[in-house]
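Inspection log for the structure reproduced underneath, given as structure tokens.
Derivation of every value follows stated rules applied to the coordinates shown; laboratory data play no part. The structure displayed is predicted, hence computed values, not measured ones.
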Amino acid sequence: MVARIKKGDRVMVLAGRDKGKIGEVLKMFPTDDRAVVQGVNMVKRHTKPSQAAGGGGIVEKEATIHVSNLAHLDPSDNKRTRVGTKQLEDGRRVRFAKRSGEVIDL
């Protein structure tokens, strides 16, 4: 599967217990087709006390979610959109929202 989602993109969750939530992609795992989205798929981890982690305890953090359950948000109206690529006049290839035609990244 070609991952059209990249780090820093604003996405909406399409399925699962966090359906409808919006967040920014914090980290991508392209070989597994998974992403970590800010505030989505929160899990609790019991950590031992250590110098790096501090006093330990129960830590809540984001778990990965499959990219098939995510959709890009259109920069113009914050609704779901598909993504295409096009080449600008100066030769650069950019991603654009098919809903509005607005360029997603420059």
Residue-span extension gain [Lys6 to Thr31] - 0.36 nm each, minus C-alpha spacing: 7.7 nm
Looking at [x] 1.29; [y] 1.14; [z] 0.99, which value of Cα Rg over 2.2 N^0.38 Å comes from a calculation on the structure shown? [x]
Which lysines, if any, have their Cα less than 25 Å from the Cα of Lys48, not counting same-chain residues under 8 positions apart? Lys27, Lys61
Work out Dmax and Rg for the stretch 38-80 from the C-alpha atoms and quote the Rg first, both in angstrom. 16.0, 45
Taking springs between alpha-carbon atoms closer than 10 angstrom, which of Gln51, Gln38, Gln87 fluctuates most in the Gaussian network model of the chain? Gln51
Which of Lys19, Lys48, Lys79 fluctuates most in a GNM of the chain (C-alpha springs under 10 Å)? That residue is Lys48
